[in-house]
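Notes follow the structure.
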There are 2 protein chains.
Amino acid sequence: MEIPPRVRWMQDIFGEYQRYFTFLKKVARHEFRTNGFTRITTPILELKSLITHSTGDGSDIVTKEMFDFTDKGGREVVMKPESTPGVMRAYLEHMLEEPQPVYLYYIEPHFRYDRPQKGRYRQFHQIGAEIIGEVDPILDAKAIYIMAQILDGLGLAGTYTVKINSLGVAKEREKYLIELASFFENKKHLLDETDLARLEKNPLRLLDSKNADVKELLKVAPKMTDFLKKDSLEFYTKVKEYLDILGVKYEEDHTLVRGLDYYSHTVWELVDGSGRTQDALGGGGRYDGLAKSIGYKTEVPAVGFAFGAERLIEAMIERGVQLKNKDKIHLYIMQLGDEAKKLALPLNIEARKKWLNSLLGLGTPSIKVQLKKANRVGARFVIVIGIMEAKKWICQLKDMDRGTQIEMPLDNVLDAVIAEVGTDALSFYHPSRDFIISDVPMSEEKMRRVSMD
Amino acid sequence: MEIPPRVRWMQDIFGEYQRYFTFLKKVARHEFRTNGFTRITTPILELKSLITHSTGDGSDIVTKEMFDFTDKGGREVVMKPESTPGVMRAYLEHMLEEPQPVYLYYIEPHFRYDRPQKGRYRQFHQIGAEIIGEVDPILDAKAIYIMAQILDGLGLAGTYTVKINSLGVAKEREKYLIELASFFENKKHLLDETDLARLEKNPLRLLDSKNADVKELLKVAPKMTDFLKKDSLEFYTKVKEYLDILGVKYEEDHTLVRGLDYYSHTVWELVDGSGRTQDALGGGGRYDGLAKSIGYKTEVPAVGFAFGAERLIEAMIERGVQLKNKDKIHLYIMQLGDEAKKLALPLNIEARKKWLNSLLGLGTPSIKVQLKKANRVGARFVIVIGIMEAKKWICQLKDMDRGTQIEMPLDNVLDAVIAEVGTDALSFYHPSRDFIISDVPMSEEKMRRVSMD
């Protein structure tokens, strides 16, 4: 029997890669929280109809690159390819009575049954945010600003370009698309099959063309922003004004459209300028129409964005961003024999209480094996407790950097190690600072809020 | 058209509930990291065969309560009902050459197509850990100790009981099961249908019976621990010895078995003693046989445990554990008119740079509407910038607690607020402390470690 392998194009995240992922989440969480965002976790599964409706046309085509199936209760479900439709659904169910707008962020796995290619996984992770329930161009600008802050926080300052565009409202877009289609009508011979299909079904997608001829043509083609009427133009102008106030540099890109069809007004991408490709690190836009597309009675103002976590980590590594290791093992406690082990175990616990990261040697291996392990985990200090030491309540303390060794009473050894590694290196934290235990029963209102039912 | 609802028995986690979840993850992460564990994230999907093999019998029955389906590439896949088989698979693929044992933890959504009932969700979250690759009873004791530390960290000290048992090795269990079955053979009339099926297929499951008669009988039935031979008994004795050294109080429970079949030697549960039920908050055990069950050439020593996140949060709420709100909004910045807004936006950003949590009034609503909002978000201070204030570069500062209002230059107002809320309340953090940007290209070895391919 062979070991069933990993599902293809899905990854185990651990070790060094996981450390980047952890740092990424920490930076994003901090930026979100200090800007008044709270986290939301929507289920991995959504009804297929939510996803198909979110595209506005309700067709099944959108699910062709998804993990969709029928569950044991006969529900057609999809492993979510993105979180925005689910967050909007959750907003409409739970948050209409909250102070508006609501500021939400998420860190979630998403799923696409994509053609496999380097750097794209069928389970990938996105860090994103949505601001729902009130309209103001300041929110579009702030969303872009927060994205830039996160990239700067990751050490990516100066490596990316902010590109923005406005798609106006549906009516304006309709007029523009007629003009755009008519512009390409007598240039069909220059279009490949994909672009011809786009011209037929959704000419806006032509702006996304990878075809060099089409890209050249787009420079002289009609521009969406020329079709914006007074309100849309004013909205777009204000977004740019606020970006200036916030000190965010941007480029206007008239060919910028997003891969999803529910956007209106402002759209943007943060594009990697350092690498071989002009890949988007993340992007976002306004999607006032989504609520109505999925069945709500009116439009609901909303603006949001997302980063691809794997893409960000790739960019950090390209940039040379190297993380400090806060989980460094300070101390390896080596024991030789059963009696030594009984002293080593409480010492290991005591070390932890003093915020030293310590590892305990296990089993009954040789000094040589344990020393090798201490080396591999990068422990600065090794405490050796042998049979003689156990009897005398002492130990040998080895400094692996300096290659020295001294004998010491067990009672003093941890403080001696702390004096050497420095208190800065220790992981002070005590959960009890974060809560109180109350005798007063929770109010019904609060109980309701902590209940998911 | 109706809004497609949430998938039944799956939850949106946000607001107050999400804050408990966040705290829970923080406490667990801290405990794991200081004990030398690093995080692993295995994919949500695993091949169905991995899950069926992990039970040891390869039957399909185990997937009857799972979300399983055939993907577009014809693979039979399962949305993982637990993480242990996936972590073992990942260990065998990536970590055999690491220093042993490897200490891994995870915080993951899991999925069961269960009969719906209060407090059980079809997507639920588990926080767990696995120690794989070296055998030592000290690891079993430490795993239990870490679980207890996490519960204490959550404010649950004194509310739970640690129950332990030993299931020995397969040979010992076989002998025991023959005795157990024969004990019940002439008492079949006391068994209900479920228990009769258990007697037939897997008599060990009888220990789990909810039937009062059976529970009574189990008091005089043969006990697993009486069938342990020298090695198993010594192993179990040492686990208990180390628990004593670690100061973990425990009860031996001869009827304790775990819901999964891959366990051997030590098994345990941490049982809520405060509530109406004797529900397990979490549990774990040794599963040396799992690696072989899923197709590896030999057994691999392993011990692990998991908590149900939803269950822990329920226990915290029952206990009266109330979280301090670190995301409290200190400051609401109210603007009246376009010119005021252009001053309010940079003030909002400046506040953030000074680590004040501030919210900015949006749109062009009335003073009344904005004040109401400031109240609802619980802002201690409100800055008002009207048309006159904007011209004079001043503002009104309202203290909502004291009901006072003073006029102030814009330049001083943030420091005035900080002086009142106190620096303890601020969220100091700067990501740049956590990394360096290196000009030296990464070593190939390191590149390999940060690449998931």
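Observations, loosely collected:
- The A:LYS215 and A:LYS372 beta-carbon pair, evaluated with R₀ = 51 Å, returns a calculated FRET efficiency of approximately 0.30.
- Distance between modelled label sites at B:LYS354 and B:GLU2, nm, 7 Å Cα→Cβ extension: 5.2 nm
- Options B:MET408, B:ASN348, B:ASN325, ranked by Cα towards positive dipole end of chain B, top entry (Cβ charges): B:MET408
- Annotation: lysines with alpha-carbon distance below 20 angstrom to A:LYS210 (same-chain offsets under eight excluded): A:LYS118, A:LYS163, A:LYS187, A:LYS188, A:LYS201, A:LYS219, A:LYS223.
- Nearest-first distances (nm) between copies at A:LYS230, label 7 Å from Cα via Cβ: 9.7
- By the Kirkwood approach, averaging reciprocal distances over each pair of separate Cα atoms, chain B gets a hydrodynamic radius of 26.1 Å.
- Each residue, B:THR194 and B:HIS94, gets one label point 7 Å from its Cα in the Cβ direction; the gap between the two is 3.9 nm.
- Karplus-derived HN-Hα couplings along region B:39-47 (A = 6.51, B = -1.76, C = 1.60, θ = phi - 60°), whole Hz, x at Gly and Pro: 7, 10, 10, 9, x, 5, 9, 10, 4
- For A:ILE387, the distances from its label point to the matching points in the remaining copies are 9.4 nm, ordered from shortest, with each point set 7 Å beyond Cα toward Cβ.
- Rounded to the nearest 500, the helix-only mean residue ellipticity at 222 nm of chain B stands at -11500 deg cm²/dmol, with each DSSP H run of n ≥ 4 adding -39,500 (n - 2.57).
- Label geometry 7 Å along the beta-carbon vector: A:HIS94 inter-copy distances in nm: 3.0
- Label-to-label distance for B:LYS324 and A:ASP401 is 3.3 nm, based on points extended 7 Å past Cα in the beta-carbon direction.
- Spatially proximal aspartates and glutamates relative to A:LYS240 (Cα-Cα < 17 Å; intrachain offsets below 8 disregarded): A:ASP136, A:ASP140, A:ASP226, A:ASP231, A:GLU251, A:GLU252, A:ASP253, A:GLU269, B:ASP338, B:GLU339
- Of the residues A:HIS430, A:HIS30, A:HIS265, B:HIS110, the one with the fewest other Cβ atoms within 10 Å heads the list, and the complete ranking is A:HIS430, A:HIS30, B:HIS110, A:HIS265.
- The protein assembly as shown shape via C-alpha gyration tensor axes, a/c threshold 1.5: prolate
- Between A:LYS175 and A:THR237, residue separation times 0.36 nm minus the direct Cα-Cα distance comes to 20.3 nm.
- Dipole magnitude (debye, nearest 20) for region A:331-432, charges at Cβ of Lys, Arg, Asp, Glu: 380 debye
- Calculated P(r) tail over 24 Å for region A:331-432, as whole % of Cα pairs: 16 percent
- Cα shape, region B:188-303, gyration tensor, a/c 1.5 rule: oblate
- For B:THR266, the residues whose amide H sits under 5 Å from its own are B:LEU167, B:ARG286, ignoring neighbours fewer than 5 places away on the same chain, with H placed 1.01 Å from N.
- Between helix B:84-94 and chain B: long-axis angle, C-alpha atoms, 0 to 90°, nearest 10: 90 degrees
- Taking every DSSP beta bridge that has both ends in region A:331-432, the antiparallel portion is near 55%.
- In summary, the aspartates and glutamates within cross-link reach of A:LYS324, defined as a Cα separation below 15 angstrom excluding same-chain residues under 8 places away, comprise A:GLU16, A:ASP424, B:ASP434.
- Closest Cβ on chain B to the rotation axis that carries it onto A (distance rounded to whole Å): B:PHE69, 2
Since every read-out is calculated from the coordinates, none of them should be taken as a lab result. Note that the structure is predicted; figures quoted are calculated from it, not measured. All Cβ positions, glycine included, derive from the backbone under ideal geometry; neighbour counts span all protein chains shown.
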